[in-house]
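What follows is a single structure, written as structure tokens, with notes after it.
The values are calculated or read from the model by the stated rules, or taken from the named source; none is laboratory data. Worth saying up front: this structure is predicted, and the values here are computed from it rather than measured. Neighbour counts run over all protein chains shown; Cβ positions are idealised from the backbone, glycine included.
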There are 2 protein chains.
Amino acid sequence: MTTASTSAPRWLTDEEQRVWRAYLHATTLLEDHFDRQLQRDAGMPHTYYGLLVQLSQAPRRRMRMTELARNAKITRSRLSHAIARLEKNGWVRREDCPSDKRGQNAVLTDEGLDMLRRSAPGHVEAVRQAMFDRLTDEQVKSLGEIMRTLATGLEPEGTDADLPWLR
Amino acid sequence: MTTASTSAPRWLTDEEQRVWRAYLHATTLLEDHFDRQLQRDAGMPHTYYGLLVQLSQAPRRRMRMTELARNAKITRSRLSHAIARLEKNGWVRREDCPSDKRGQNAVLTDEGLDMLRRSAPGHVEAVRQAMFDRLTDEQVKSLGEIMRTLATGLEPEGTDADLPWLR
DNA sequence: TCTATCTAGTTCAACTTTCAAGAAAAGGTC
DNA sequence: GACCTTTTCTTGAAAGTTGAACTAGATAGA
């Protein structure tokens, strides 16, 4: 039995508070930074760009909706709207799944791939400048381990977890 | 002279790609997690909650709009909407700034403080579970340094930077 | 003073995300 | 097969965010 609602709260230490705030500040600024960079150079928010990247790396440049949502860590609803928008841009098209009549594949179009090729160098450069150029090799390694740990914590194996793409 | 647009892009190494993806996954999941937790337990998204926390720690529980935007790393426009909503809830009220007739102070109301007191233990517990309980002391320390570095990188001292609260 | 410029904050429209509801097909179980 | 449950994906409305335009007050220079 958990008694979180009645037992004395374990407050954060001063250092934990500083780390937590630094985390919030950095992630907020980074998200804002990349959203702007990509809105300017590719005409879409970072989330959408990530979807195109996923598709570009998938076999035959296509992926089932739920699978794509799982990879992007977002809800299917959100994905539906996003794909609709990208479809309007001509960068993605939908395709019925042959093996499951409920299913849809999102397919990266040639135009989508082109746009990705054009904007990739600029985006990589932005990621370098904002993140990798500022950290030592140790820090990069450490960041990787930390982020993998945190991500795994929120999507455990034995899954009754409340994960976005299952909602 | 920078020649980013014409020189060969410095692609990310395999490890850098893995770290970058882990970062995106973890931050997306964490944001989703805390937004849900607070929407459920406090009736607002995490950004809004953060504003109330800031106000609660400010002298006389009030702060100038732009100052609050700077602390939260968001645009003044976004803040205007957020405060309007929190005002409707009765958790914040606006107050004219005595020394500058253009200015507004956002003031945390007693109701706002109450709501914060009620929801704080649950939120702290959630932050612990999702972050601090999963990391070693080294990792927490390292995470703090990394995040401070990244945040500082995006808001340098000699400031012609494109910062949200100046837009 | 007069004028130009800058700063503080808000507003509107367009866009994105969330949440709840729903249609359609798939997968049991009897 | 008939029935019930689950899975897949979409939709529409409400909530939140963005970017540009705008008002009003402060500031600085001639």
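Residue check: is A:Gly90 more than 11 Å from DNA strand D (Cβ to nearest atom) and at positive phi?
When the stated conditions are applied, A:Gly90 passes them.
Quick grid of which residues meet (1) in contact (Cβ under 8 Å) with a residue 40 or more places away in the chain; (2) charged (D, E, K, R); (3) surrounded by 20 or more Cβ atoms within 10 Å (Cβ to Cβ); (4) within 23 Å of A:Gly50 (Cα to Cα):
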{"site": "B:Glu16", "(1), (2), (3), (4)": "no, yes, no, yes"}
{"site": "B:Asp32", "(1), (2), (3), (4)": "no, yes, no, yes"}
{"site": "B:Arg40", "(1), (2), (3), (4)": "no, yes, no, no"}
{"site": "B:Leu51", "(1), (2), (3), (4)": "yes, no, yes, no"}
{"site": "B:Leu68", "(1), (2), (3), (4)": "no, no, yes, no"}
{"site": "B:Arg76", "(1), (2), (3), (4)": "yes, yes, no, no"}
{"site": "B:His81", "(1), (2), (3), (4)": "no, no, no, no"}
{"site": "B:Asn89", "(1), (2), (3), (4)": "yes, no, no, no"}
{"site": "B:Arg93", "(1), (2), (3), (4)": "no, yes, no, no"}
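Working only within segment B:25-49, note down all residues that are touching a Lys or Arg at 6+ places or on another chain (Cβ under 8 Å) and within 8 Å of chain A (Cβ to nearest Cβ).
Matches in segment B:25-49: B:His25, B:Ala26, B:Thr28, B:Leu29, B:Asp32.
I'd like the full set of residues that are touching a residue at least 40 places away in the same chain (Cβ under 8 Å) and either more than 7 Å from chain B (Cβ to nearest Cβ) or not in a helix (DSSP H, G or I) (or both), limited to segment A:128-157.
Of everything in segment A:128-157, just one residue is touching a residue at least 40 places away in the same chain (Cβ under 8 Å) and either more than 7 Å from chain B (Cβ to nearest Cβ) or not in a helix (DSSP H, G or I) (or both), namely A:Met131.
Among (1) within 16 Å of DNA strand C (Cβ to nearest atom); (2) at pLDDT below 95, which single condition is A:Glu157 missing?
(1)
Scan segment B:75-90 for residues that are within 19 Å of A:Asp35 (Cβ to Cβ) and either of a type in the set (Ser, Thr, Tyr) or more than 11 Å from DNA strand C (Cβ to nearest atom) (or both) and jot them down.
The answer is B:Thr75, B:Ser77.
For segment A:112-128, check the following and say yes or no: at least one residue is within 16 Å of DNA strand C (Cβ to nearest atom), under 29 Å from A:Thr66 (Cβ atoms) and either modelled with pLDDT under 95 or not hydroxyl-bearing (Ser, Thr, Tyr) (or both).
Yes, segment A:112-128 contains at least one residue that is within 16 Å of DNA strand C (Cβ to nearest atom), under 29 Å from A:Thr66 (Cβ atoms) and either modelled with pLDDT under 95 or not hydroxyl-bearing (Ser, Thr, Tyr) (or both).
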